[in-house]
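Undergrad: What follows is a single structure, and I will ask about it in a moment.
The values are calculated or read from the model by the stated rules, or taken from the named source; none is laboratory data. Keep in mind it's a predicted model, so treat the numbers as computed, not measured. No Cβ is skipped: glycine too gets one built from the backbone with ideal geometry, and neighbour counts run over all protein chains shown. Remember, those area values only see protein heavy atoms, side chains included, never the ligands or the DNA or RNA. Shrake-Rupley method; radii C 1.70, N 1.55, O 1.52, S 1.80 Å.
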Amino acid sequence: MFNKLLGLTLIAASASAQSDGFIFQPISSGHALPATQRDNHASTLVELKNGDILAAWFAGTKEGAPDVAIYSSRLHAGTWSAPAELARADKVACWNPALFHTKDGRLWLYYKYGTHPSTWLGARKFSTDEGLTWSPEEYLPEGILGPIKDKPLILPDGTIVSGSSVENGKWAAWIERSTDSGATWTKFGPITLPDAADIPDAGAIAAGKLVDTPTPDEPIHTKFYPPSRTTVGIIQPAVVSLGAHHFRFYARGHTKAARIAISDSLDDGKTWSPARLIALPNPNSGIDAVRLEDGRIVLIFNNSYNTRTPLNLAVSKDGEHFNVFKTLEDAPGQYSYPAIIQAANGDLLMTYSWHRETIKFLRVPLSEIPK
């Protein structure tokens, strides 16, 4: 069953003029390139000035292993290039790349390195030729990690408002802010979800009672990520503008409620409110958000309290109340850690981990987003 499903996916990918589908074939397909890695996760993408798409992710034998590096691929003329190594650390893993342009047009890659999220340090590279060549790595100041998973918000004056977080005991979100294209930084936090606000609804309570019981005859097992028994915290905020000076972030949580958390800033991201929960579930999995040109907010997330399937899109006019309008994946397994941007033509562009074996790219036309 697995091989048949895989074959259908590959046919669909090769037939699409937009190269929707796998960026590279996974080892399990039997058609992988020689340097393909076993574990591929935490992708990011950016639209380049000529309309090409550049994607990056971390890959290696397994998450956290010393051989894990940052890889990238470029979509040009309907074809993805073979994955190429973009960054590597000395004897420790690389994690969670983030690609974006600053106002001056420079293309940046920010990433983390270390043995565990609790020990991460931040690094970055830049390109002045849209990713054809890259600067040597630069190391961020102590206490600054850069965009922790999702792209930052770039303001009209060039200010960078970047969602960050720490996973050292209690989880907490932070906002790192730069008014000089990343030369210097200030930070605000910790931003946490109060224990009293972490109230599970009926869906979270039901999910917490389920038991993860793999069976030998399963072609693909769907791993459970049950709601937490305590309020561990929130991480990986995705920052958007709601208009004027009002910003909001949407964050992954490891909480009893197993729902997406939000926090607001009314002063261009300088200070932030305590976090609170919205109605959408979150199975302790990464999410991303984008504000469309018309002001609507689109979230890409796992619409589940305890599994990283299905993977869905939801849209909101006010950033608070969301309409789930599209299912991207709903088969057994894991479809996780998505990234989303709006292309110059208005389409939504997305990447995500497909069973952690490869990175998948999808394009959703603007016309398919409900008004």
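Undergrad: With the requirement that a residue be open to solvent by 40 Å² or more (accessible area, probe 1.4 Å) and within 18 Å of ASN40 (Cα to Cα), what does the range 81-102 give you?
TA: Hits for the range 81-102 are SER81, ALA82, PRO83, ALA84, GLU85, ARG88.
Undergrad: Quick one: in the range 221-257, which of the residues that are in contact with a strand residue (DSSP E or B) (Cβ under 6 Å, 6 or more places away or on another chain) and assigned to a loop (DSSP other than H, G, I, E, B) is least open to solvent (accessible area, probe 1.4 Å)?
TA: ALA257
Undergrad: How many residues are open to solvent by 50 Å² or more (accessible area, probe 1.4 Å), under 20 Å from SER265 (Cβ atoms) and either in contact with a His (Cβ under 8 Å, 6 or more places away or on another chain) or not hydrophobic (A, V, I, L, M, F, W, C) (or both) if we restrict to the range 168-180?
TA: Here the count works out to 2.
Undergrad: Residue check, LYS326 against (1) open to solvent by 10 Å² or more (accessible area, probe 1.4 Å); (2) in contact with a helix residue (DSSP H, G or I) (Cβ under 8 Å, 6 or more places away or on another chain); (3) over 18 Å from GLN342 (Cα atoms), all met but one. Which one?
TA: (3)
Undergrad: Can you list the strands (runs of 3 or more DSSP E) lying wholly within the range 288-354 that have 1 or more residues being farther than 22 Å from SER367 by Cβ?
TA: 297-302, 335-342, 348-354
Undergrad: Tally up the residues in the range 181-203 that are surrounded by fewer than 11 Cβ atoms within 10 Å (Cβ to Cβ) and more than 25 Å from the chain's Cα centre (by Cα), please.
TA: Count: 2.
Undergrad: Continuing with this model, one more query. For the range 51-80, how many residues meet the condition of being touching a residue at least 24 places away in the same chain (Cβ under 8 Å), under 21 Å from LEU362 (Cβ atoms), out of contact with any Ser or Thr (no Cβ under 8 Å at 6 or more places or on another chain) and open to solvent by 10 Å² or more (accessible area, probe 1.4 Å)?
TA: 5
Undergrad: Filtering the range 355-368 down to residues that are over 26 Å from ILE27 (Cβ atoms) and not in a loop (DSSP other than H, G, I, E, B), which residue is most open to solvent (accessible area, probe 1.4 Å)?
TA: Among residues in the range 355-368 that are over 26 Å from ILE27 (Cβ atoms) and not in a loop (DSSP other than H, G, I, E, B), the one most open to solvent (accessible area, probe 1.4 Å) is SER367.
Undergrad: Can you say whether PRO274 is under 24 Å from GLY146 (Cα atoms), surrounded by fewer than 16 Cβ atoms within 10 Å (Cβ to Cβ) and either in contact with a helix residue (DSSP H, G or I) (Cβ under 8 Å, 6 or more places away or on another chain) or of a type outside the set (Gly, Ala, Ser) (or both), as far as the supplied structure shows?
TA: Spelling it out, PRO274 is indeed under 24 Å from GLY146 (Cα atoms), surrounded by fewer than 16 Cβ atoms within 10 Å (Cβ to Cβ) and either in contact with a helix residue (DSSP H, G or I) (Cβ under 8 Å, 6 or more places away or on another chain) or of a type outside the set (Gly, Ala, Ser) (or both).
Undergrad: Still on this structure, please answer the following. For ALA344, only one of the following conditions fails: (1) touching a His at 6+ places or on another chain (Cβ under 7 Å); (2) exposed (fewer than 15 other Cβ atoms within 10 Å of the Cβ). What is its number?
TA: (1)
Undergrad: What is the number of the single condition among (1) open to solvent by 10 Å² or more (accessible area, probe 1.4 Å); (2) closer than 20 Å to ASP20 by Cβ that GLU320 does not meet?
TA: The single condition GLU320 does not satisfy is (2).
Undergrad: Does ARG88 satisfy the criteria of being closer than 25 Å to ILE27 by Cβ, charged (D, E, K, R) and modelled with pLDDT of 95 or more?
TA: yes
Undergrad: Okay, next question. LYS371 - would you say it is among the basic types (Lys, Arg), at pLDDT 95 or above, part of a loop (DSSP other than H, G, I, E, B) and surrounded by fewer than 17 Cβ atoms within 10 Å (Cβ to Cβ)?
TA: Criteria not met by LYS371.
Undergrad: Still on this model: With (1) of a type outside the set (Val, Ile, Thr); (2) touching a residue at least 60 places away in the same chain (Cβ under 8 Å); (3) touching a Lys or Arg at 6+ places or on another chain (Cβ under 8 Å); (4) within 16 Å of ALA314 (Cα to Cα) as the list, and GLU357 as the residue in question, which single condition is left unmet?
TA: In the conditions (1) of a type outside the set (Val, Ile, Thr); (2) touching a residue at least 60 places away in the same chain (Cβ under 8 Å); (3) touching a Lys or Arg at 6+ places or on another chain (Cβ under 8 Å); (4) within 16 Å of ALA314 (Cα to Cα), GLU357 misses (4) alone.
Undergrad: Now, a different point. For residues that are free of Cβ contacts under 8 Å to residues at least 40 places away in the same chain and open to solvent by less than 20 Å² (accessible area, probe 1.4 Å), scanning just the range 111-139, find the one that is farthest from the chain's Cα centre (by Cα).
TA: SER135
Undergrad: If you don't mind, another one. Among the residues of the range 176-221, write down those that are at pLDDT below 95 and β-branched (Val, Ile, Thr).
TA: Hits for the range 176-221 are VAL211, THR213, THR215, ILE220.
Undergrad: Moving on to the next point. Would you confirm, using the coordinates I've provided, whether PRO338 is touching an Asp or Glu at 6+ places or on another chain (Cβ under 6 Å) and touching a residue at least 40 places away in the same chain (Cβ under 8 Å)?
TA: Criteria met by PRO338.
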